[in-house]
1. Which loop GluC sites (Glu not before Pro) in the stretch 1-95, with loop taken from DSSP, have no more than 13 other Cβ atoms within 10 angstrom of their Cβ?
2. Can you sort TRP112, TRP68, TRP156 from fewest to most other Cβ atoms within 10 Å of each residue's own Cβ?
3. If you project the alpha carbons of the stretch 1-69 onto their three principal axes, what span does each projection cover, largest first, in Å?
4. Under the classification rounded if a/c is under 1.5, otherwise prolate if a/b is larger than b/c and oblate if not, where does the stretch 85-181 fall, given a ≥ b ≥ c as square roots of the Cα gyration tensor eigenvalues?
5. Work out how far the C-alpha atoms of the stretch 8-142 reach from end to end along every principal axis, then list the three figures in whole Å, largest first.
6. Rounding to the nearest 10 and keeping the result within 0 to 90°, find how far the Cα-based axis of helix 236-245 lies from the longest principal axis of the chain.
7. Can you bin every Cα-Cα distance in the stretch 249-314 into 10 Å intervals starting at zero and give me the percent of pairs per bin, rounded to whole numbers?
8. Give me MET257, MET27 ranked fewest to most by other Cβ atoms within 10 Å of their Cβ, as a rough exposure proxy.
Amino acid sequence: MAGAEKQKILVIKTGALGDFIQALGPMRAIRTHHPEAEITLLTTPPFAGFGKACGYFDHILIDPRPAWHDVPGWLRWRRTLLRGNFSRVYDLQNNDRTAFYLRLFGWRKPEWVGAARGASHRNASEQRTAGQAFDGHVQTLALAGITNIAVDDMSWISGDISGFKIMEPYILLVPGCAPAHPEKRWPAERYGALARLLSGRGFKTVVIGTADDAQAAEIICRAHADAVNFTGRTSLSDIVLLARRAAGAFGNDTGPMHMIAATGCPVWVFFSRTTDPLRHAQKGNAVKIIRKYDLNDLSVDEAVEGLKTRDFRI
């Protein structure tokens, strides 16, 4: 009917980088399923840029995350949610906080696709969290009739990385992870030895990470002087652009490796006892998981066992 108001939909995704990357494919599927709807992404500041750039959303709403004791904050947030006039919410976060957001709607509760009690399309199956976040989203969205969900390769990201001046072919090294989880780091000295080995096979090595990874990068570059250190210099978009041209990547179980894997770049990811690859492995066309109870016990020889030059993208 001419002049009919567009359906208003809210998509919630606020979590860690790797989880956000795995949610991009489901987000794209939601947009495809609702081509004429006005869709808002509820997220946190680190992911607002991706939410705008991907083209799947009309609006970005930043989650204020009121403290549990902040009653005025919760009342303001409830008014914001009600003003959105959302007829359906896709909860891709599925935690206690977002379940409480459903309760904030009161009698004006929209259709809710997620795991929260009271959801109109509730995924209460234990299988939702048995595998990777992506697989759980696939199961949940199927309850709302959304299928054919694929990993998003982030082809919508554009930019210029010519300023990095890297000689190809090159391989990315990602030696960092969250500072609170040092047990998830393969020793930097081993990355240095890996860089030397890869150089012998004709590859340049490029180290990327945040400022927290500067010490690891320095150790790698001391072990192999030809390694290029871009630690602290790359944006999230730069990482995707570098991955598209890389021959491969080696790294710990950390957010950037999810981004690199999604582009189709061949990746080798090091997992320790603290993380289960069945639930947290990267998604992509060429992902190899190397797991050791204690990563300090993983040798370079074990890390590259059976590795052939043809395994890289050249």
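1. Passing sites in the stretch 1-95 are GLU5, GLU36.
2. Values: TRP112 26, TRP68 10, TRP156 14.
Ranked by crowding around the Cβ, least crowded first: TRP68, TRP156, TRP112.
3. The Cα atoms of the stretch 1-69 stretch 44, 30, 16 Å along their principal axes.
4. Working: a/c = 2.35, a/b = 2.19, b/c = 1.07.
Verdict is prolate for the stretch 85-181.
5. Projected onto the principal axes, the Cα atoms of the stretch 8-142 cover 37, 34, 27 Å.
6. Taking Cα atoms only, the helix is inclined about 50 degrees.
7. 22, 53, 24, 1
8. On the way: MET257 30, MET27 24.
Arranged by neighbour count, lowest to highest, MET257, MET27 become MET27, MET257.
No value in this document is a laboratory result; all are computed from the given coordinates. All of these numbers come straight from a predicted model, not from anything done at the bench. Reconstructed Cβ throughout: ideal geometry from the backbone, glycine too, with neighbour counts over all protein chains shown.
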